[in-house]
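Worksheet: one structure, shown below.
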Amino acid sequence: MKLHRNFFAAAILIFAAGVIPAAAQTSNTVASAPVYVPDSTHENDPLPDGVLAFDATLKSVDAFEGSDFARFTFSFTNITPDIVTILNVHPSCGCTTAELPPVPWSLAPGTNGEIKLSVNLAGKQGTLFKTVNFATDKGKRDLMLRINLTPQPVVKMTEAEKAAGIAAAKVDRQAVFKGDCATCHLKNVPGKFSQELFKNACGICHEAENRATMVPDLAKLKVPTNEEFWRTWITYGKPGSLMPAFAQSQGGPLNDLQIASLAQYLNAVHPSSATNEPAK
Ligand code: HEC
Ligand code: HEC
């Protein structure tokens, strides 16, 4: 069955191969067509109207902080009777990459083209503006990208999930790093440091509005603290409690650099109060 079909396909190929060169021979223009050399003398002039019709030259997207990339597609049509050649596409920053056919890219009259842009959002917040310089043989034009980053919505656990979480953590305090639990408790934790890491790895328990009473407020500790204090707690947690051990050496998710960044950050934002002020 398969053999049969392949044989048939091969027969068509042979037939086609026999026909196309014969057709080409009858038309001399194919062999003698001049090689098209794009003219780059207008590369730095503004692109006049009436050359390329863009679907938009400013595009905006909304994304959550902590997303990987914002992606854009711009499409355009050559509305002149001549070829328009795209010479290069240069994003304003190294965080933006452009995807397009190899340049020079010639767009025949009346045809459409499309470029895809992606902006790396790692560590970014607020509203970002990026420009992309789009140069053609008829002139250049800036495409504008706007990205509105908003904080991730707070995840809330239902009472049932909460009870299940506490029950699972009581059996194994490292359960938070496994299976389903990890989808929330390790969300945006790998590769993160300092404040961002704290928010995602620790804040989920310690800064939650309706956290369980056994989860202490780290801003109001009654014991003297220093970087070593934070490092030790993060590394080992506390056996027999719900505070997990975060160090990779203890089966946790964090490497030494991440732990050091957290200890330094926490020591800076929560300086030891117990040693400075006598208990009230
Ligand atoms: C799964 C929830 C959870 C997560 C996630 C968590 N903790 Fe805890 N943490 C606890 C609980 C519960 C305690 C109280 C332990 C006990 O019973 O003493 C605690 C205690 C602590 C203490 C001791 C405070 C004191 O009373 O002296 C420190 C320090 C601490 N956590 C820091 C962190 C840091 C830093 C992170 C992030 C790397 C983190 N925790 C992540 C639940 C959590
Ligand atoms: C949907 C996201 C999500 C999942 C899944 C999840 N957690 Fe949590 N967890 C949270 C949030 C948010 C908090 C902070 C308390 C709150 O808001 O209810 C929390 C708090 C906790 C606490 C501290 C006690 C408390 O209630 O304050 C423990 C322990 C815990 N989770 C363990 C687990 C375990 C174990 C699993 C898996 C069986 C798990 N969680 C699955 C989001 C999640």
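The values are calculated or read from the model by the stated rules, or taken from the named source; none is laboratory data. In this text the structure is predicted, and so the values were computed from the model without any measurement. Because the Cβ atoms are built from the backbone with ideal geometry, glycine has one as well, and the counts that use them run over all protein chains shown. For the accessible areas, the whole protein counts, side chains as well, though only heavy atoms, and no ligand, DNA or RNA atoms are used. Shrake-Rupley method; radii C 1.70, N 1.55, O 1.52, S 1.80 Å.
Residues of the range 159-269: accessible area per residue at 1.4 Å, in Å²? Before the final figure, lay out the partial values.
Numbers: 6440 Å² over 111 residues.
Per residue, the range 159-269 has 58 Å² of solvent-accessible surface.
Roll a 1.4 Å probe over the protein chains and send me the accessible area per residue for the range 52-150 in Å².
Solvent-accessible surface per residue comes out at 48 Å².
Mind grabbing the accessible area of residue 171 for me, 1.4 Å probe, Å², rounded to tens?
Its accessible surface works out to 130 Å², give or take rounding.
How about residue 222: which lysines have a C-alpha closer than 19 Å to its C-alpha, ignoring those fewer than 8 places off in the same chain?
Within reach: 238, 280.
Given R₀ = 22 Å, what would the calculated FRET efficiency be for residue 241 paired with residue 150, taking r from the Cβ atoms and rounding to 0.05?
Computed FRET efficiency for residue 241 and residue 150 comes out at 0.05.
Hey, which lysines would be in cross-link range of residue 140, C-alpha to C-alpha under 26 Å, not counting anything within fewer than 8 residues on its own chain?
Those lysines meeting the cut-off are 59, 116, 130.
Using 0.36 nm per residue of separation minus the Cα-Cα distance, give me the extension gain between residue 170 and residue 125 in nm, one decimal.
Length difference between fully extended and current span is 12.6 nm.
To make sure I understand the rule: partners must be aspartates and glutamates, Cα under 17 Å from the Cα of residue 192, and not fewer than 8 residues away in the same chain. Which ones qualify?
Answer for residue 192, where 17 Å is the Cα cut-off: 65, 68, 256, listed by chain and number.
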